[in-house]
Amino acid sequence: MAKAGNNSNNTTLRKFIRFYFRALAILMIDLIVSAINNQVITLSEYVKKPVVTVIGMVVILILFWFLLKYIDRITVNVLKVTIEFGANLRFKKTAMFVIMTIVLVVLFILYYYTWFQEWPSWRMRWM
């Protein structure tokens with residue numbers, strides 16, 4: 001009976017990790033789109049705005065088409081690599097959460113830079 005509970009915990013953990021990686025993938029896509037938007041806006045200084053708009057829309061569609069089509073495959077592969085990396089360590093689950101947290105912090109830093117055009121100060125005041 002203990003084994004059945006363990007399988008349930010592993011299934012819950014896998015669902016959580018899959019959700020977490022999907023959320024990270026969505027955040028990465030949005031970050032890429034924000035960077036593309038910044039580039040498209042600067043391109044409008046050299047090319048007519050309707051042409052820039054079409055170029056930006058096509059690039060975004062291609063990006064989303066590709067990433068949404070392969071997001072499950074990418075999630076499974078990243079999950080597999082993370083689990084294999086964690087298997088070499090003593091504390092597998094802890095290592096996996098540390099890796100996921102590092103990725104989230106890197107995304108936070110990149111979002112901060114994209115939105116405010118400066119790197120975050122580690123002496124942040126939240127209010």
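Among residues other than residue 14 whose Cβ falls under 12 Å from its Cβ, what is the net charge (Lys/Arg +1, Asp/Glu -1)? Write down the numbers at each step before the final one.
Working: positive: 15, 18, 80, 93; negative: none.
For residues surrounding residue 14, the net value is +4.
Under a straight-distance cross-link criterion of Cα-Cα below 20 Å, which aspartates and glutamates are reachable from residue 69, leaving out those fewer than 8 residues away in the same chain?
30
Going through segment 37-81, which chymotrypsin sites (Phe, Trp or Tyr not before Pro) have at most 16 other Cβ atoms within 10 Å and a DSSP loop state? Display every interim value, and only then the final one.
Values: sites: 46, 64, 65, 66, 70; in loops: 46.
Passing both the DSSP loop test and the Cβ count: 46.
Every number in this text was worked out from the coordinates using simple rules, so none of it is lab data. As the structure is a computational prediction, the values presented were derived from the model and not from experiment. Don't worry about glycine lacking a Cβ; one is built from the backbone with ideal geometry, like all the others, and counts go over all protein chains shown.
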